[in-house]
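Read the structure below first, then the notes.
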Amino acid sequence: MTEAKKTPLLDELEKGPWPSFVTEIKKAAANSPSAQDLLGQLELSYEDKRGHWKHGGLVGVMGYGGGVIGRYSDIPEQFPNVEMFHTIRLNQPSGWYYNTKALRQICDLWEKYGSGLTNLHGSTGDLVLLGTRTENLQPFFDEVSNLEEHPFDLGGSGSNLRTPSCCAGPARCEFALIDTTDLCHDLTNEFQDYLHRPMWPYKSKIKISGCPNDCVASIARSDFSIQGTWRDDIKIDQEAVRAYVAEGFDIQGLVIDKCPTKCMSWDGNELTIDNANCTRCMHCINKMCKALRPGDDRGATILIGGKAPILQGAMMGWVIIPFMKLEPPYTELKEFLEKAWEWWDENGKTRERIGELILRLGMRNFLRAVGLEPVPQMVNAPRANPFFFWWPEETVQD
Amino acid sequence: MEELKAKILEYLAGVSKEKPRVIAEKIGANKKEVDKACSELAKEGKIEYLYIGTSYVTLAGRDHTPGKIKEE
Ligand code: HEM
Ligand code: SF4
Ligand code: SF4
């Protein structure tokens, strides 16, 4: 193994009160030549102020078109152990629940076939395994997909459906208004072929949050954002509201004044909500969860077009279906997705996401193609800019 | 389907790589059918998917490793 090289620039990233990926890669480098060279190449890229990875090439496993992201060093003479450093995406279980045995199996296999470095979880949602050589891909996949107890499939990459992902959902969260974990699992199985065999203009993502708190940031990170919501009235326990206030809770400053639609009022004794004007943002419920609960008529809002900048700038989802009941087998949702994908596949340019296509050809065309009536709730970009920050002095902090 | 698959293989023999949509246009076939045929060909190991900014299909066994062959 090569002598540990000096990495003064990377060492800077170990200083501070946070965990450091540099510290972790250094630990791995004690047993892994590729982790060792990874540090070396990364240090050099900090010196050169440019990356030394090139992507492309044909990497993958038999019959699949996604799940592996090819990476090669552009200076393999200097760093032979990262000459190839491919990433494997494993399809994570819904809500990222594993038992220790499942994780241990993957770790053992990854020490055998890869660098031993992982990244739980990538921004896509997948369980990400960092760094292996082309000839190890197939043997690794054959083993991981045939594990006796907890076999794993590959996730998505390339111009296909990316691994659907969801928040912790009803398994762990009191706010879940739909069964995110079941829906995510169901869609993953239903659209297996779109996930594994890229055939579209570019990528397409589905992320599912159980409520508008949107813990998976689906509105900004997915072409199809599914968020649990309700359409009847917020349930108010007036006694519990009074108890909050009696304990010194600033109901005016923290709840009433912060309601985005100003649809709440407090007369000192009774809390009133004009539900017709409530946008179901969850703020008041988050603040007073002992007194306020979402209604019982539950389903989801579906937004379309969220994405990071490539052709257009960053975009957030556009409300396309204000409310849809979501119960197995989720037929209405699946039909909508199929129609949307078909229109995009027929009309999209290479590397054009569905939101960009809607901008180019117009919402009218999209609505006609998927057979939806325009309604006022189809709000264009309910929050237009993911990089907007309020001035600190203009906000009331708790 | 077998006929379509043969046409796709024949088309791919003449190019380095192509998007399924372009193949469908060039051989005058339905895009959905081409997708299905490509899935089968991939499972049979006759074609492979290639990612260079976006995904393409290519005949199996072609070496697209960066540096080994110039991509057009
Ligand atoms: C203050 C002036 C105006 C504003 C702010 C305005 C704004 C808009 C907006 C936001 C749209 C929707 C675009 C979209 O599809 O997203 C629109 C569409 C349209 N506007 Fe205006 N507009 C104005 C004046 C006018 C005038 C004076 C006319 C005609 C003489 C006009 C004719 C139209 C038409 C025909 C459409 C529909 C285009 C289509 O078929 O998509 N607008 N306008
Ligand atoms: S999005 Fe809502 S349901 Fe899902 S974990 Fe967050 S708060 Fe809970
Ligand atoms: S959910 Fe949001 S919009 Fe609705 S009443 Fe509460 S704070 Fe206001």
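Spot the failing condition for A:Thr229; the list is (1) within 29 Å of A:Val68 (Cα to Cα); (2) hydroxyl-bearing (Ser, Thr, Tyr); (3) outside any loop (DSSP other than H, G, I, E, B), and only one is missed.
Evaluating A:Thr229 over (1) within 29 Å of A:Val68 (Cα to Cα); (2) hydroxyl-bearing (Ser, Thr, Tyr); (3) outside any loop (DSSP other than H, G, I, E, B) leaves (1) as the failure.
So B:Asp35 clears everything in (1) outside any loop (DSSP other than H, G, I, E, B); (2) touching a residue at least 40 places away in the same chain (Cβ under 8 Å); (3) within 17 Å of A:Tyr64 (Cα to Cα) except one condition, right? Which one?
Answer for B:Asp35: the failing condition is (2).
Hey, among the residues in the range A:267-296 that are in a helix (DSSP H, G or I) and within 15 Å of ligand 2 (Cβ to nearest atom), which one's surrounded by the fewest Cβ atoms within 10 Å (Cβ to Cβ)?
A:Asn286
Considering the range A:311-337 alone, what residues qualify as being under 21 Å from the mean Cα position of the chain (by Cα) and open to solvent by 80 Å² or more (accessible area, probe 1.4 Å)?
A:Leu311, A:Gln312
Output yes when any residue across the range A:269-281 is within 11 Å of ligand 3 (Cβ to nearest atom), more than 17 Å from A:Cys211 (Cβ to Cβ), among the hydroxyl-bearing types (Ser, Thr, Tyr) and modelled with pLDDT of 95 or more, and no when none is.
yes
Does the range A:39-68 hold any residues that are part of a loop (DSSP other than H, G, I, E, B), open to solvent by 30 Å² or more (accessible area, probe 1.4 Å) and modelled with pLDDT of 90 or more, and which are they?
Matches in the range A:39-68: A:Lys49, A:Arg50, A:Gly51, A:Met62, A:Tyr64.
Looking at the range A:97-133 only, could you name the residues that are part of a loop (DSSP other than H, G, I, E, B) and more than 21 Å from A:Ala308 (Cβ to Cβ)?
A:Tyr97, A:Tyr98, A:Asn99, A:Arg133
Give A:Gly299, A:Gly306 a once-over and let me know the one that is touching a Gly at 6+ places or on another chain (Cβ under 6 Å) and crowded, with 18+ Cβ neighbours inside 10 Å.
Just one listed residue meets the conditions, A:Gly306.
Can you give me the number of residues within the range A:297-310 that are within 18 Å of the chain's Cα centre (by Cα) and part of a loop (DSSP other than H, G, I, E, B)?
Total meeting the criteria: 5.
If A:Phe79 satisfies every condition in (1) away from chain B (no Cβ under 14 Å); (2) out of contact with any Ser or Thr (no Cβ under 6 Å at 6 or more places or on another chain); (3) of a type in the set (Phe, Trp, Tyr) but one, which is the exception?
Among (1) away from chain B (no Cβ under 14 Å); (2) out of contact with any Ser or Thr (no Cβ under 6 Å at 6 or more places or on another chain); (3) of a type in the set (Phe, Trp, Tyr), the lone unmet condition for A:Phe79 is (2).
Answer yes or no: is there a residue in the range A:173-181 that is part of a loop (DSSP other than H, G, I, E, B) and more than 14 Å from ligand 2 (Cβ to nearest atom).
Pass one, the range A:173-181, residues part of a loop (DSSP other than H, G, I, E, B): A:173-179.
Add one more test, that the residue is more than 14 Å from ligand 2 (Cβ to nearest atom), and what stays is none.
Scanning the range A:173-181 turns up no residue that is part of a loop (DSSP other than H, G, I, E, B) and more than 14 Å from ligand 2 (Cβ to nearest atom).
Do we find that B:Glu25 is more than 7 Å from chain A (Cβ to nearest Cβ) and more than 18 Å from A:Ser159 (Cβ to Cβ) in this structure?
Numbers: more than 7 Å from chain A (Cβ to nearest Cβ): yes; more than 18 Å from A:Ser159 (Cβ to Cβ): no.
So B:Glu25 fails the test.
Out of the residues in the range A:144-160 that are modelled with pLDDT of 95 or more and out of contact with any Lys or Arg (no Cβ under 8 Å at 6 or more places or on another chain), which is nearest to B:Tyr51 (Cα to Cα)?
My answer is A:Asp153.
Where residues in the range A:239-256 are surrounded by 11 or more Cβ atoms within 10 Å (Cβ to Cβ) and in a loop (DSSP other than H, G, I, E, B), which of them is nearest to ligand 2 (Cβ to nearest atom)?
A:Phe249
Before we move on, is A:Asn136 in a strand (DSSP E or B), surrounded by fewer than 20 Cβ atoms within 10 Å (Cβ to Cβ) and either away from chain B (no Cβ under 11 Å) or more than 25 Å from the chain's Cα centre (by Cα) (or both)?
Numbers: in a strand (DSSP E or B): no; surrounded by fewer than 20 Cβ atoms within 10 Å (Cβ to Cβ): yes; either away from chain B (no Cβ under 11 Å) or more than 25 Å from the chain's Cα centre (by Cα) (or both): yes.
It is false that A:Asn136 is in a strand (DSSP E or B), surrounded by fewer than 20 Cβ atoms within 10 Å (Cβ to Cβ) and either away from chain B (no Cβ under 11 Å) or more than 25 Å from the chain's Cα centre (by Cα) (or both).
Kindly indicate whether any position in the range A:257-265 is without any contact (Cβ under 8 Å) to a residue 40 or more places away in the chain, within 20 Å of A:Gln377 (Cβ to Cβ), of a type in the set (Val, Ile, Thr) and open to solvent by 20 Å² or more (accessible area, probe 1.4 Å).
yes
Return only the number of the condition from (1) more than 8 Å from chain A (Cβ to nearest Cβ); (2) open to solvent by less than 40 Å² (accessible area, probe 1.4 Å) that B:Glu40 does not satisfy.
For B:Glu40, the failing item is (2).
Of the conditions (1) out of contact with any Leu (no Cβ under 8 Å at 6 or more places or on another chain); (2) modelled with pLDDT of 95 or more; (3) within 14 Å of chain B (Cβ to nearest Cβ), A:Phe191 clears all except one; give me its number.
Failed condition: (1).
Identify all residues within the range A:209-243 that are within 15 Å of the chain's Cα centre (by Cα), within 22 Å of A:Cys289 (Cα to Cα) and more than 16 Å from ligand 3 (Cβ to nearest atom); write none if there are none.
A:Cys215, A:Val216, A:Ala217
Considering only the range A:343-356, state which residues are within 11 Å of chain B (Cβ to nearest Cβ), surrounded by 15 or more Cβ atoms within 10 Å (Cβ to Cβ) and part of a helix (DSSP H, G or I).
Within the range A:343-356, A:Asp345, A:Asn347 qualify.
When you scan the range A:83-92, do you find a residue that is crowded, with 16+ Cβ neighbours inside 10 Å, without any contact (Cβ under 8 Å) to a residue 40 or more places away in the chain and of a type outside the set (Asp, Glu), even just one?
The answer is no; no qualifying residue exists.
Identify, please: which residue in the range B:47-72 is more than 8 Å from chain A (Cβ to nearest Cβ) and more than 14 Å from the chain's Cα centre (by Cα) and is, among those, modelled with the lowest pLDDT?
B:Glu72
Hey, among the residues in the range A:357-371 that are within 14 Å of ligand 1 (Cβ to nearest atom) and touching a strand residue (DSSP E or B) at 6+ places or on another chain (Cβ under 9 Å), which one's most open to solvent (accessible area, probe 1.4 Å)?
A:Leu359
The values are calculated or read from the model by the stated rules, or taken from the named source; none is laboratory data. No experiment lies behind these values; they were computed from the predicted model shown. Cβ: placed from backbone, ideal geometry, glycine included. Neighbour counts: every protein chain shown. When the accessible area is computed, the model is the full protein with side chains, heavy atoms only, and any ligands, DNA or RNA have been set aside. Shrake-Rupley method; radii C 1.70, N 1.55, O 1.52, S 1.80 Å.
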